[in-house]
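Each remark here refers to the structure printed beneath this line.
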Amino acid sequence: MEKIMSVDDFYYGLDKMFAQHDNEKTEKYMLDALEQAKGDVNMSLIIAISNELGGFYRAKGDVEKAKLLNDSVLAALKEIGQENSMNYAVALINAGNAHNSAREYDKALPMYKQAEALLEALGQGRDYQMAALCNNMSAAYREREDFEEAEKMARKSIIIISSIQGKRLELATSLINLGEVQTRLKKFDEAEETLKTAVAIYEVEAGGVDIHYAAAMAALGALYYYRRDFDASIEAYQKTLKLIERDFGHTPYYEMIQKNLKQVEEERPN
């Protein structure tokens, strides 16, 4: 691997890795980059790589790896006295995300709230990190079935992201979350419009190659299931499986969608 000199260099290489759809090579690239960043004591680069690697593991369903990685970064920042820094706010968000993925919401939400307060104190209340944080908080509230609070945080995220240029893919992620919340609130027509907007961003603006495209299709599959449109749900879940297989292979997430698909097929009237 070429020597990584900056965060921009890392992301340039990572984009090339994702374009190849080779899971093992992408993971190796990030692990090698992380070791080099640690050797150089480049904390900004460590945070950036840990963020992407943690997200990669979460997407694969390897939440224990994500938790260990993000919690270790949080501890390292404490040791060097950066508890009031932007790096620490990002590390809190990453650690919260890992615990959120592990369904440990009572651990995730306090981390999120601490990060929210720190971002406000740092003057970042209208920046992308706050938008991403609000989206993640929304997801945690949704899983705790606090749907009203989940919808509130999702809309806050979308308002912030919509004001930032160059964040269309990030907007799609927040739209997926809002659509999932709207589904649970039985606002089915609103949810379909929201999720189809996210799908259009992935298909038209990202050429169908973004790794979060599968999440949008999975959310549509769930929406159609709750609306009892079994044929549309099956079609959406089948496409979701193809996307997950393309991007990550047969992961725990793939198996979960398989189970969802089987349930819909079994419940569909003959």
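Brief remarks on what is shown
Okay, residues lined up against (1) buried (at least 21 other Cβ atoms within 10 Å of the Cβ); (2) of a type in the set (Asp, Glu); (3) touching a residue at least 40 places away in the same chain (Cβ under 8 Å); (4) outside the structural domain of ALA215 (by TED's automatic domain parsing):
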| residue | (1), (2), (3), (4) |
| --- | --- |
| ASN97 | yes, no, yes, yes |
| TYR112 | yes, no, no, yes |
| ARG142 | yes, no, yes, yes |
| LYS156 | no, no, no, yes |
| ARG168 | no, no, no, yes |
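Quick grid of which residues meet (1) more than 19 Å from ARG142 (Cα to Cα); (2) surrounded by fewer than 18 Cβ atoms within 10 Å (Cβ to Cβ); (3) among the β-branched types (Val, Ile, Thr):
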{"position": "TYR213", "(1), (2), (3)": "yes, no, no"}
{"position": "TYR226", "(1), (2), (3)": "no, yes, no"}
{"position": "ASP229", "(1), (2), (3)": "yes, yes, no"}
{"position": "LEU241", "(1), (2), (3)": "yes, no, no"}
{"position": "ASP247", "(1), (2), (3)": "yes, no, no"}
{"position": "ASN270", "(1), (2), (3)": "yes, yes, no"}
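- Condition check for ALA222: touching a Leu at 6+ places or on another chain (Cβ under 7 Å) and either in the same structural domain as GLU170 (by TED's automatic domain parsing) or in a helix (DSSP H, G or I) (or both): no
- Set ILE234, ILE257: member being surrounded by fewer than 20 Cβ atoms within 10 Å (Cβ to Cβ), at pLDDT 95 or above and among the aliphatic types (A, V, I, L, M): ILE234
The values are calculated or read from the model by the stated rules, or taken from the named source; none is laboratory data. A quick note: this is a predicted structure, and the numbers were derived from the prediction, not measured. Please note: Cβ atoms are built from the backbone with ideal geometry, for glycine as well, and neighbour counts cover all protein chains shown.
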